[in-house]
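The values are calculated or read from the model by the stated rules, or taken from the named source; none is laboratory data. Just so it is clear, the structure is predicted and the values come from calculations on it, not from any experiment. Glycine gets a Cβ as well: all are built from the backbone with ideal geometry, and neighbour counts include every protein chain shown.
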Amino acid sequence: MTDQNMTQQSQLPAAEPNPFFETWSEAFEVPPFGRIAPGHFMPAFERAFAEHDADIAAVAAQAEAPSFANTIERLEKSGKLLERVAAVFFNLAGAHTNDDLLAIEREIGPKLAAHNQRILQNEALFKRIDALNRAPDAGLTPEQRRVLDRYHKMYTRAGAGLDVATKKRLAEIAERLAVLGTTFSQNVLADEQSYTLTLESEDDLAGLPDFVRAAARSAAAERGMEGKHVITLSRSSVEPFLQFSSRRDLREKAFRAWIARGDQGGKTDNKAVIAETVALRAERAKLLGFETFAHYRLDDAMAKTPAAVRDLLDRVWAPARKGALADRDAMQELVRAEGGNFKIEPWDWRYYAEKLRKVRCDIDEATVKPYFQLHHIVDAAFYTAYKLFGLSFERRKDVAAWHPDVMVWEVLKDGRHLGLFFGDYFARPSKRSGAWMTTLRDQEKLTGPDVRPLVINVMNFNKGGEGQPTLLSFDDARTLFHEFGHALHGLLSDVTYPMVAGTSVLTDWVELPSQLYEHWLEQPDILRRFAIHNRTGRPIPDDLLKRLLDARNFNRGFATVEFVSSALFDLDAHLLEDAKDFDVGAFENAALAKIGMPAEIVMRHRPTHFAHVFSGGGYASAYYSYMWSEVLDADAFAAFQETGDIFDPATAKKLYDHVYAAGGKSDPEALYLAFRGRLPTADALLKQRGFAPA
């Protein structure tokens, strides 16, 4: 749907028949986005809730003794309408929203939380699951045993075995947290949508290379400001501006707006939202018998304990901080050499880092970026999947998506259909910032012979001007490979049960397939083939390629400090035993002072726009997961390097079987051991980031 079409449709009452109540006849049973209006969602959700409640009641009321088939498999088959409606709705809410969908999101969040809590606290149902869990395996397959374990843990962690009063309070907390998570994300989106920095004159554009100017013109045109240049708070817009603009005053203005999302007072301020969220999480953990929320969250993770997480983060922090401070001092010398009489501030870092990179590595973004065209980098990701796993990708222009910019490919292996891949790459006002992978349908074999997935990558790249290719930074290209690694995790999934399909795995395992995939982008064979200059059509020269790869760890101290400080804040905030009257601003300042945060660097995600942690609980106490998985991915890619072939067929087969296709059907440590034969240490991570092992 175009923005205009969505607006027109949202003004109409939902017509019957509701598309969600029909069998979808579109190719591959893709949702009929062109016929779905916002008014269809609430009736569909209400019917879906009722159908799911009936499914659950029927399972719980059975007179027959519990078995895997009559309890777990029936639960796995239940709620299919709700899955369908929720998948479409939350994809639109993130990737192409409007006022009507935002209103529905605020209404549906607590209703969905209440519905889920009602099921997870169903006493009769839990008794059946608990009885199965305590019984001998009775012929269960390893995957079935894992699925049963996940169900039992999920119900236990929701308080299913507790007294009525405690369950009631847990349900109230879940509903309130759903409201708070939606409020948080909508506040950030509102701040992002409301801000633009308009560059009025040539002086305002000083220092900006052509590709940044073109993106700023395109952003202005999208907002009806033809002929002007606009910087937005999308990372792909503001970061290049901070990197190249020679107007220090404008850099400061853009930077302050960027880090102040959710922290501006008024109705979009997130500080009170965070305070209540942290307090409620701490209370929930106590009710469930855990010391803190961090202990509760990490009990169901590879890391297991807050101490294990802190040990990893502390080990990386010291060398990262040392490297960042050394770079700061070098940049301060550049300021002095230019005659500047000021101390490096956070809005100066990217600008002077680009200058320092030119000095140290003889390379700059303006020289590199023309070689990284979006369509070529997509092709590079596809080519890597072909070389590793034998996949092919056929563009399907006959499949309609939620926006005209979305591209769709059919994914095949040996001519067999594996699924569809949707690439939604461009920033727009209707999309929340960031990059993510999600699905409209997951792979499984329980409800059909082989249900194939519909997998989505969403990103926020600045679209090239009229008739011009979209150019990516090397970091943008890495993001594309990262998210495509997640997509492959969904596309290659080969399990029976939805509970463990695709990316339905522990949080500190889910980032392994994505971060590992990034390694192939950095391989000379890939770059020589796909890094093609947008004007000359020539591949990247060997000397430039060498300088690019040699510069991989430049500024890595800064990037690591950005990340680790965010992860430590997340951990510390959720280690509070009593979080009443939580003052997020004071806590942020104290947490950063405790670790000696350099004044010239700001957390990658300040709390008031830390969506990973506060827009829902997916990464709460788990933002460290990216680094935990990096310990694995650094060692996993070494398995290929040790063979002398980055596409070694035998290693790729093990990677396919035990990582990408395995979903969550086994314990992650067992899966990694099956792939690699041993578990790694953090030394590989430190080496990968350019830090000597501590």
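I want to confirm something. Restricting to region 618-636 and keeping residues that are not small (Gly, Ala, Ser) and not in a helix (DSSP H, G or I), which single residue is surrounded by the fewest Cβ atoms within 10 Å (Cβ to Cβ)? Before you say what the answer is, go through the steps one by one.
Within region 618-636, the first condition is being not small (Gly, Ala, Ser), and the residues that meet it are 619, 623-624, 626-628, 630-633, 635.
Subset that is not in a helix (DSSP H, G or I): 619, 623-624.
On the way: Tyr619: 21, Tyr623: 25, Tyr624: 27.
Looking at the filtered set, the residue picked out is Tyr619.
If you go through region 402-457 one residue at a time, how many are aromatic (Phe, Trp, Tyr) and under 16 Å from Val30 (Cβ atoms)?
Within region 402-457, the first condition is being aromatic (Phe, Trp, Tyr), and the residues that meet it are 402, 409, 421-422, 425-426, 436.
The next check asks that each one be under 16 Å from Val30 (Cβ atoms); those that pass are 402, 409, 421-422.
Of the residues in that region, 4 qualify.
For region 112-142, name all the residues that are assigned to a loop (DSSP other than H, G, I, E, B) and within 24 Å of Ala87 (Cβ to Cβ).
Asn122
Given the criteria touching a strand residue (DSSP E or B) at 6+ places or on another chain (Cβ under 9 Å) and hydroxyl-bearing (Ser, Thr, Tyr), does Ser246 qualify? It would help to see each step written out before you state the result.
Working: touching a strand residue (DSSP E or B) at 6+ places or on another chain (Cβ under 9 Å): no; hydroxyl-bearing (Ser, Thr, Tyr): yes.
Spelling it out, it is not the case that Ser246 is touching a strand residue (DSSP E or B) at 6+ places or on another chain (Cβ under 9 Å) and hydroxyl-bearing (Ser, Thr, Tyr).
Identify, please: which residue in region 175-210 is in contact with a strand residue (DSSP E or B) (Cβ under 9 Å, 6 or more places away or on another chain) and of a type in the set (Val, Ile, Thr) and is, among those, farthest from Val238 (Cα to Cα)?
Thr198
Could you grab me the full set of residues in region 444-480 that are part of a loop (DSSP other than H, G, I, E, B), of a type outside the set (S, T, N, Q) and in contact with a strand residue (DSSP E or B) (Cβ under 9 Å, 6 or more places away or on another chain)?
Result: Lys445, Asp450, Arg452, Pro453, Lys463, Gly464, Pro469, Leu472.
Take Glu394 and tell me if it is more than 25 Å from His658 (Cα to Cα), touching an Asp or Glu at 6+ places or on another chain (Cβ under 6 Å) and not in a helix (DSSP H, G or I).
Yes; evaluated as a whole, the condition is true for this residue.
If a residue must be at positive phi and either exposed (fewer than 13 other Cβ atoms within 10 Å of the Cβ) or not assigned by TED's automatic domain parsing to the domain that holds Lys463 (or both), how many such residues does region 397-419 contain?
Going through region 397-419 one residue at a time, the tally reaches 2.
Which residues, taken from region 20-54, are surrounded by 19 or more Cβ atoms within 10 Å (Cβ to Cβ) and assigned to a helix (DSSP H, G or I)?
Phe20, Phe33, Pro38, His40, Phe41, Ala44, Phe45, Ala48, Phe49, His52
Condition test on Val359, is it surrounded by fewer than 21 Cβ atoms within 10 Å (Cβ to Cβ), part of a helix (DSSP H, G or I), free of Cβ contacts under 8 Å to residues at least 24 places away in the same chain and among the β-branched types (Val, Ile, Thr)?
Taking the combined requirement at face value, the residue does not satisfy it.
Within region 526-551, work out how many residues are at pLDDT 95 or above and of a type in the set (Asp, Glu).
Residues in region 526-551 being at pLDDT 95 or above and of a type in the set (Asp, Glu): 2 in total.
Conditions: (1) out of contact with any Pro (no Cβ under 9 Å at 6 or more places or on another chain); (2) in the same structural domain as Phe241 (by TED's automatic domain parsing); (3) in a helix (DSSP H, G or I). Ala206 meets all but one. Number of the miss?
Only one criterion is unmet by Ala206, namely (3).
Residues Val273, Val278: which one is in contact with a Gly (Cβ under 9 Å, 6 or more places away or on another chain), part of a helix (DSSP H, G or I) and at pLDDT 95 or above?
Val273
Which ones in region 89-100 are in a helix (DSSP H, G or I) and surrounded by fewer than 20 Cβ atoms within 10 Å (Cβ to Cβ)? Please lay out each step first, then the result.
Step one: filter region 89-100 for residues in a helix (DSSP H, G or I), giving 89-95, 99-100.
Scanning region 89-100 gives Phe90, Asp99, Asp100.
Go through (1) touching a helix residue (DSSP H, G or I) at 6+ places or on another chain (Cβ under 9 Å); (2) in contact (Cβ under 8 Å) with a residue 12 or more places away in the chain; (3) over 23 Å from Thr507 (Cβ atoms) and name the single condition Asp137 misses.
It is condition (2) that Asp137 fails.
Condition check: basic (Lys, Arg), under 16 Å from Phe563 (Cβ atoms), in contact (Cβ under 8 Å) with a residue 12 or more places away in the chain and surrounded by 19 or more Cβ atoms within 10 Å (Cβ to Cβ). Does Arg689 satisfy that?
Yes: the conditions hold for Arg689.
Only one residue in Gly94, Gly79 is in contact (Cβ under 8 Å) with a residue 24 or more places away in the chain and either on the phi > 0 side of the Ramachandran plot or among the acidic types (Asp, Glu) (or both). Which one?
Gly79
Being farther than 21 Å from Ser629 by Cβ and crowded, with 24+ Cβ neighbours inside 10 Å is the requirement here; does Leu512 meet it?
The answer is no for Leu512.
Give me the residue from region 177-218 that is more than 30 Å from Glu107 (Cβ to Cβ) and among the polar types (S, T, N, Q) and, out of that set, surrounded by the fewest Cβ atoms within 10 Å (Cβ to Cβ).
Ranking the candidates gives Ser201 first.
Starting from residues that are of a type in the set (Val, Ile, Thr) and within 14 Å of Phe461 (Cα to Cα), keep the ones in region 192-236 and report whichever is farthest from the chain's Cα centre (by Cα). First the steps, then the outcome.
In the first step, residues of region 192-236 are kept if they are of a type in the set (Val, Ile, Thr); the result is 196, 198, 212, 230-232.
If we keep only those that are within 14 Å of Phe461 (Cα to Cα) too, we end up with 212, 231-232.
Details: Val212: 25, Ile231: 23, Thr232: 21 Å.
Going through the qualifying residues, I end up with Val212.
Output the residues belonging to region 219-234 that are surrounded by fewer than 19 Cβ atoms within 10 Å (Cβ to Cβ) and at negative phi.
Of everything in region 219-234, those that are surrounded by fewer than 19 Cβ atoms within 10 Å (Cβ to Cβ) and at negative phi turn out to be Ala221, Glu222, Arg223, Met225, Glu226, Lys228.
Restricting the search to region 563-605, which residues are surrounded by fewer than 19 Cβ atoms within 10 Å (Cβ to Cβ), part of a helix (DSSP H, G or I) and touching a residue at least 40 places away in the same chain (Cβ under 8 Å)?
Gly585, Ile595 - these are the residues of region 563-605 that are surrounded by fewer than 19 Cβ atoms within 10 Å (Cβ to Cβ), part of a helix (DSSP H, G or I) and touching a residue at least 40 places away in the same chain (Cβ under 8 Å).
With the condition kept exactly as written, say whether any residue in region 309-320 is closer than 30 Å to Glu669 by Cβ, surrounded by fewer than 22 Cβ atoms within 10 Å (Cβ to Cβ) and free of Cβ contacts under 8 Å to residues at least 60 places away in the same chain.
Yes; the residues of region 309-320 include at least one that is closer than 30 Å to Glu669 by Cβ, surrounded by fewer than 22 Cβ atoms within 10 Å (Cβ to Cβ) and free of Cβ contacts under 8 Å to residues at least 60 places away in the same chain.
Of the residues Thr156, Thr166, only one is out of contact with any Ser or Thr (no Cβ under 8 Å at 6 or more places or on another chain), part of a helix (DSSP H, G or I) and outside the structural domain of Arg47 (by TED's automatic domain parsing); which?
Thr166
Within region 152-183, work out how many residues are closer than 24 Å to Val613 by Cα, in contact with a helix residue (DSSP H, G or I) (Cβ under 7 Å, 6 or more places away or on another chain) and hydroxyl-bearing (Ser, Thr, Tyr).
So the answer is 3.
Please find, within region 552-602, the residue that is farthest from Gly265 (Cα to Cα) out of those that are among the small types (Gly, Ala, Ser) and under 26 Å from the mean Cα position of the chain (by Cα).
Checking each candidate, the answer is Gly557.
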